[in-house]
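Inspection log for the structure reproduced underneath, given as structure tokens.
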Amino acid sequence: MSFTFDTNPGPAIHRAAKRPKQALGSQLKSVDTTPERFSVLTHLWEAHGLTRRQPAGRLQKDKANGTRILDRLAVKGLKERSADPDDRCTLRIVLAGAGRAAEKVSRARVVELRVRAYARLSLAEPERLIAALNRGTANLCAPLDAAAVGRGRE
């Protein structure tokens, strides 16, 4: 395969990540949050009582960024800490009332954005795209296998 800017997936992936994040940021301004905070809130809506490190790990953020995002959610009254009933040394992150209330409006904004982004795609294309990106990422995380490289596309 020849290597040109147009055949390199990197710029397309960058655009595909950057523009939706910008659009999401615009949508979430009305609910006074950011894409990063929304991502952490999504994890908390889906898995109540995460440890402080779990949201950052799931979003591939370092500890400092994860702490900053969680601290900001606390300032906004969206989350609070709760003692783990099984381990008194562990604090769990739980949603405060405002965090639960923000879910409906925030998710509605994201659904509007998703409908717009998928407007000209078939029903199967988003799933195939996500699957392909996940496989590509897994390939980059796996140890390099010289035999597999030889089987790559030419």
Revision key, fill the gap. Counting sequence-distant residues (5 or more places) and residues on other chains, those with an amide H built under 5 Å from that of Leu50 are Ile93
Practice item. Principal axes first, then extents: for the Cα atoms of the chain, list largest minus smallest coordinate on each axis, whole Å, largest first. Key: 55, 37, 26
Point to revise | Estimated inter-spin distance, Val111 and Gln60, nm [label 7 Å along Cα→Cβ] | key: 2.9 nm
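In whole percent, what relative contact order does the chain give with Cα contacts below 8 Å and a gap of six or more residues?
It comes to 20 percent, rounded to a whole number.
If Asp87, Asp62 are ordered by their accessible area, calculated over protein heavy atoms with a 1.4 Å probe, which sequence runs from highest to lowest?
Asp62, Asp87
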Review point. Hey, in the GNM for the chain with a 10 angstrom Cα cutoff, which one of Ala132, Ala74, Ala17 fluctuates hardest?
Key: Ala132
Review point. With charges only on Cβ, +1 for K and R and -1 for D and E, what is the dipole size of the chain about its Cα centre, in debye, rounded to 20?
Key: 460 debye
Practice item. With the full set of protein chains in place, find how many percent of the accessible area of the chain is carbon and sulfur; take the probe as 1.4 Å. Key: 56 percent
Check your understanding: Which value at 222 nm does the chain reach when only helices count, each DSSP H run of 4 or more adding -39,500 (n - 2.57), with the total divided by all residues and rounded to the nearest 500 deg cm²/dmol?
Key -> -19500 deg cm²/dmol
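The values are calculated or read from the model by the stated rules, or taken from the named source; none is laboratory data. It should be emphasised that the depicted structure is a prediction, and the values quoted were computed from it without experimental measurement. Using ideal geometry, Cβ is built from the backbone for each residue, glycine included, and neighbour counts are taken over all protein chains shown. Protein only, heavy atoms only, side chains kept; ligands, DNA and RNA dropped before computing areas. Shrake-Rupley method; radii C 1.70, N 1.55, O 1.52, S 1.80 Å.
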